[in-house]
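What follows is a single structure, written as C-alpha cells, with notes after it.
The values are calculated or read from the model by the stated rules, or taken from the named source; none is laboratory data. Being a predicted model, the structure only gives us computed values, none of them experimental. Positions of Cβ are generated from backbone atoms using ideal geometry, with glycine treated the same way; all protein chains shown enter the neighbour counts.
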C-alpha cells in the first residue's frame with residue numbers, strides 16, 4: 001500500500017531557523033572533483049512542534065511569512081525540504097529536520113548574516129515558537145556530493161518522496177579513494193538495466209562540524225515501496241558490491257524519512 005504524505009503535514013513538523021554555521025574543517029573535500037561535479041552545501045536543522053502546532057498553523061501563518069522574509073533578505077538558498085521520521089524512536093529528540101540546500105557554504109553564511117541582522121526575521125522566530133521551534137545550535141552542516149544527474153532514472157514528484165540516511169566510519173586502512181572506487185562500480189550497476197523503474201538518486205555528505213563519523217550516505221526514492229524493491233534488487237544482484245561497501249566502512253542503522261519540498265516562494 002502506497003504511503004502518502006501531504007506537504008503540509010511534512011512542513012508542519014518542521015520549523016524556521018536562525019543562522020548556524022560551523023567554522024570547522026570538513027572531514028574531506030576531495031570528492032568534489034571533475035568526477036563528482038555536483039557539489040552543494042546542505043544543512044539539517046532539528047525541529048519540533050510547539051503546543052499550538054497544527055498543519056494549518058504552519059501552512060497559513062508561518063510559511064508565507066518565511067517565504068516573504070527570504071525575498072527581503074535576498075536569500076541565496078536554492079531548495080528547502082522537510083523530512084520527518086517514518087518511525088519515531090523514544091530517544092529521538094526532534095520530530096524531523098528542515099533541510100536547506102545551498103550552492104556553497106559562502107552563500108549560506110551570507111544569507112544567515114542578513115537573517116541575523118533583520119529585525120523581522122528575529123521577531124518571526126520568537127512570535128512563532130508556540131507553533132514550531134527549531135534548535136539552531138544543533139544544526140548539522142555538510143559538504144554534499146551528488147555523482148549523477150538526479151533525473152537520470154526518471155522525473156521526480158518532489159512534494160512526496162522517501163529518503164533514508166546512514167552514518168558511516170571508515171574501517172582501518174580505508175578512506176575516500178576507496179569509497180570513490182566503489183561508487184564508480186555502483187554507477188555501473190545502476191546503468192546495467194535494472195528492473196527497478198522508479199526515480200532514484202543518492203548523495204554523499206561530509207560533515208562540516210565535529211562529528212563521530214566520516215560521512216553520511218543518503219538514498220532517495222519516489223515511494224516507500226520503490227525503496228524496498230530497490231533495496232531487494234541490490235541485495236539480490238550486487239552482493240559483491242555490497243560487501244565492498246561494508247569492507248570500506250562501518251555504518252549505523254538506516255533511518256527512513258517521509259520527505260517533501262518546502263517551496264521558497
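Check off (1) in contact with a strand residue (DSSP E or B) (Cβ under 9 Å, 6 or more places away or on another chain); (2) at pLDDT below 95; (3) surrounded by 14 or more Cβ atoms within 10 Å (Cβ to Cβ) for residue 253 and give me the number that stays unchecked.
(3)
Within the range 165-174, which residues are farther than 14 Å from residue 219 by Cα and either in contact (Cβ under 8 Å) with a residue 40 or more places away in the chain or not assigned by TED's automatic domain parsing to the domain that holds residue 223 (or both)?
Step one: list which residues in the range 165-174 are farther than 14 Å from residue 219 by Cα, which gives 169-174.
169, 170, 171, 174, listed by residue number.
Which of the residues belonging to the range 189-205 are in contact with a helix residue (DSSP H, G or I) (Cβ under 9 Å, 6 or more places away or on another chain) and within 22 Å of residue 247 (Cβ to Cβ)? Walk me through it before giving the result.
To start, the set of residues in the range 189-205 that are in contact with a helix residue (DSSP H, G or I) (Cβ under 9 Å, 6 or more places away or on another chain) comprises 189, 192, 194-200, 202, 204.
If the condition is that a residue be in contact with a helix residue (DSSP H, G or I) (Cβ under 9 Å, 6 or more places away or on another chain) and within 22 Å of residue 247 (Cβ to Cβ), then 189, 192, 202, 204 are the ones that fit.
Could you check residue 135 against (1) in the same structural domain as residue 95 (by TED's automatic domain parsing); (2) at pLDDT 90 or above; (3) in contact with a strand residue (DSSP E or B) (Cβ under 9 Å, 6 or more places away or on another chain) and say which number it fails?
Among (1) in the same structural domain as residue 95 (by TED's automatic domain parsing); (2) at pLDDT 90 or above; (3) in contact with a strand residue (DSSP E or B) (Cβ under 9 Å, 6 or more places away or on another chain), the lone unmet condition for residue 135 is (2).
Would you mind telling me which numbered condition in (1) surrounded by fewer than 16 Cβ atoms within 10 Å (Cβ to Cβ); (2) in a strand (DSSP E or B) residue 220 fails?
(1)
Out of all the residues in the range 185-200, is one or more in a strand (DSSP E or B), at negative phi and within 23 Å of the chain's Cα centre (by Cα)? Walk me through it before giving the result.
Here is the first cut: in the range 185-200, the residues in a strand (DSSP E or B) are 200.
Among the residues that remain, those that are also at negative phi are: 200.
Then keep just the ones that are within 23 Å of the chain's Cα centre (by Cα); that gives 200.
Within the range 185-200, one or more residues are in a strand (DSSP E or B), at negative phi and within 23 Å of the chain's Cα centre (by Cα).
Looking for whichever is outside the structural domain of residue 101 (by TED's automatic domain parsing), in a strand (DSSP E or B) and touching a helix residue (DSSP H, G or I) at 6+ places or on another chain (Cβ under 8 Å) here; the options are 162, 250. Which one fits?
Checking each option against the conditions leaves just 162.
Mind telling me which of the residues 124, 140 ends up being under 20 Å from residue 216 (Cβ atoms) and surrounded by 18 or more Cβ atoms within 10 Å (Cβ to Cβ)? Show your work before the answer.
Numbers: 124 fails: under 20 Å from residue 216 (Cβ atoms).
Only one candidate passes the filter, namely 140.
Checking residue 95 against (1) farther than 24 Å from residue 162 by Cα; (2) in contact with a strand residue (DSSP E or B) (Cβ under 7 Å, 6 or more places away or on another chain), which test does it fail?
Every condition holds for residue 95 apart from (1).
For the range 212-237, how many residues are in contact with a strand residue (DSSP E or B) (Cβ under 8 Å, 6 or more places away or on another chain), within 26 Å of residue 261 (Cβ to Cβ) and touching a residue at least 40 places away in the same chain (Cβ under 8 Å)?
Counting residues in the range 212-237 that are in contact with a strand residue (DSSP E or B) (Cβ under 8 Å, 6 or more places away or on another chain), within 26 Å of residue 261 (Cβ to Cβ) and touching a residue at least 40 places away in the same chain (Cβ under 8 Å) gives 12.
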